[in-house]
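Below: the structure, in structure tokens.
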Amino acid sequence: MIDTVHVSQQGAWGRTVLNRADLALPHLGVVVDYPVLTTAINQQLEQAGVNVRWDTRVTAVKSLHHYATVSTSGPEGEDWLTCRLVVLAEGGALADTLPGVKRLVHDYRQSAVLATITTEKPHDGVAYERFSHQGPFALLPHGDGFMLVWTRSHDDAQTLQTLDDAAVIAQLQQAFGDRQGKIVSVGPRAVFPLALRQVNRVVSGRVVLIGNAAQTMHPVAAQGLNLGLRDAIGLTDALVGVPDVRRTARSGRLCCRAQGG
Ligand SMILES: Cc1cc2nc3c(=O)[nH]c(=O)nc-3n(C[C@H](O)[C@H](O)[C@H](O)COP(=O)(O)OP(=O)(O)OC[C@H]3O[C@@H](n4cnc5c(N)ncnc54)[C@H](O)[C@@H]3O)c2cc1C
């Protein structure tokens, strides 16, 4: 749980501290492991009777006048189906194939470096956002330590991945200071190249885009998942009472999930 957010800039005086009490909120945020989230979602899908095709990749989506077609490739081989509405939430690769949809891409020329760290002092529910000389980073309370998300140049990110742990700890300690005492350990580093991606429209015929398929943003905002949830809620509200969807719901709802998804 995040109860306090501490924002500071390396080499500058001052800081901003936000507390849950200031905003009369139970918490300012929650750090959730991806498998915990997907397990909860999968349970809900099962309870709702949604037919999930596991390990099935969508290879093409086409929108016709009254229907959309979805081509799939999975353990049972190649298949295709028709439906009245496709909700595309696969991160965005198929968006470019839809008529009228253009993806605007801004390459940040940066990567995010992710790693778990432990520190001498307990986190006490404090999340840090620090604008360091090498790039902004967040330290998010996670288990007994923190999850580090550090925005760096692509070259720096590759270097951090291969440097030994002691050298990474030294860099981070210098950039962060000693608010949490000594940084005791750092886990393996994962690197994600970053880009802003936004589509000019989120509807193309019988296909609607949500989540990262509609917008992918810089993780320093920590808003991507939140916006995806907003999209899902907004779409659900918009579809309540739509006759087409009621007919589709009676004949079954289908969800395709690629491996690891
Ligand atoms: C370093 C980093 C830190 C972040 N921190 C935060 C944060 O603090 N708060 C926050 O709100 N957001 C954060 N985000 C953003 C958040 O992770 C994304 O916005 C969110 O994961 C988007 O979810 P999504 O389901 O739309 O897309 P994705 O997470 O991209 O999921 C798409 C799914 O579709 C599957 N798939 C892809 N192609 C196909 C296909 N052809 N057929 C079938 N399945 C397919 C994939 O396997 C995957 O499971 C962060 C992102 C990064 C990179």
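What follows draws every value from the coordinates through simple rules; no lab data is involved. Keep in mind the model is a prediction, meaning the values are calculated, not measured. Here the Cβ positions follow ideal geometry from the backbone for every residue, glycine too, while neighbour counts run over all protein chains shown.
Evaluate E = 1/(1 + (r/R0)^6) for ALA175 and LEU229, where r is the Cβ-Cβ distance and R0 equals 25 Å; express this FRET efficiency to the nearest 0.05.
0.20
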**Message:** I need the peptides 10-17, 59-66, 207-214, 88-95 ranked by packing, meaning the mean over residues of other C-beta atoms within 10 angstrom, with the highest value on top.
**Reply:** 207-214, 88-95, 59-66, 10-17
**Complete:** Taking R0 as 30 Å and r as the Cβ-Cβ distance between ALA40 and TRP13, the FRET efficiency 1/(1 + (r/R0)^6), rounded to the nearest 0.05, comes to 0.10
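Only helical DSSP H runs with n ≥ 4 go in: add -39500 (n - 2.57) per run for the chain, normalise by residue count and round the 222 nm mean residue ellipticity to 500 deg cm²/dmol.
Rounded to the nearest 500, it is -7000 deg cm²/dmol.
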**Asked** Which length gain, in nm to one decimal place, applies between ASP124 and LEU196 when the Cα-Cα distance is subtracted from 0.36 nm times their residue separation?
**Response** 22.6 nm
**Prompt:** Under Stokes-Einstein, with the Kirkwood radius over Cα pairs standing in for Rh, what whole-number D in µm²/s applies to the stretch 158-247 at 10 °C and 1.306 mPa s?
**Reply:** 93 µm²/s
**Item:** Student exercise, the chain dipole from Lys, Arg, Asp, Glu Cβ charges, in Debye to nearest 20
**Value:** 940 debye
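Would you mind computing Rg(Cα) / (2.2 N^0.38 Å) for the chain, counting N as its residues?
Values: Rg = 21.6 Å, N = 261, 2.2 N^0.38 = 18.2 Å.
Its radius of gyration relative to the 2.2 N^0.38 Å reference: 1.18.
Given a Förster radius of 51 Å and the C-beta distance between GLN47 and ALA166 as r, what FRET efficiency does 1/(1 + (r/R0)^6) yield to the nearest 0.05? Don't jump to the answer; show the numbers that get you there.
Working: r = 48 Å, r/R0 = 0.94.
E(calc), rounded to 0.05, equals 0.60.
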**Message:** Please list, in order along the stretch 48-60, the HN-Hα scalar couplings obtained from phi with the Karplus expression 6.51 cos²θ - 1.76 cosθ + 1.60 (θ = phi - 60°), rounded to whole Hz, x for Gly and Pro.
**Reply:** 7, x, 7, 7, 9, 9, 6, 6, 10, 9, 7, 9, 7
**Message:** Using only the alpha-carbon atoms, how far is helix 224-239 inclined from the longest principal axis of the chain? Give it as 0 to 90 degrees, nearest 10.
**Reply:** 30 degrees
**Asked** Each label point is 7 Å from the Cα along the Cα-to-Cβ direction; what then is the distance between the points at GLN158 and ASP33, in nm?
**Response** 3.2 nm
**Message:** Could you derive backbone 3J(HN,Hα) for the stretch 191-201 from the dihedral phi with the Karplus parameters 6.51, -1.76 and 1.60 (θ = phi - 60°), listing whole Hz in sequence and x where the residue is Gly or Pro?
**Reply:** 10, 10, x, 10, 8, 8, 10, 9, 8, 6, 8
**ARG53 long-range amide H proximity, modeled H, under 5 Å** = CYS255, CYS256, ARG257
**Request:** Please turn the phi angles of the stretch 93-108 into ³J(HN,Hα) values with the Karplus equation 6.51 cos²θ - 1.76 cosθ + 1.60 (θ = phi - 60°), one per residue in order, whole Hz, x for glycine and proline.
**Result:** 4, 7, 4, 5, 8, 8, x, x, 9, 10, 9, 8, 10, 10, 7, 6
**Complete:** Of 27-37, 109-119, 162-172, ordering from highest average Cβ density within 10 Å down gives 109-119, 162-172, 27-37
**Message:** Using the Kirkwood formula on the Cα atoms of the stretch 107-151, what hydrodynamic radius do you get, in angstrom to one decimal?
**Reply:** 11.1 Å
**Asked** Relative to the longest principal Cα axis of the chain, at what angle does helix 34-47 sit, 0 to 90 degrees, rounded to 10?
**Response** 30 degrees
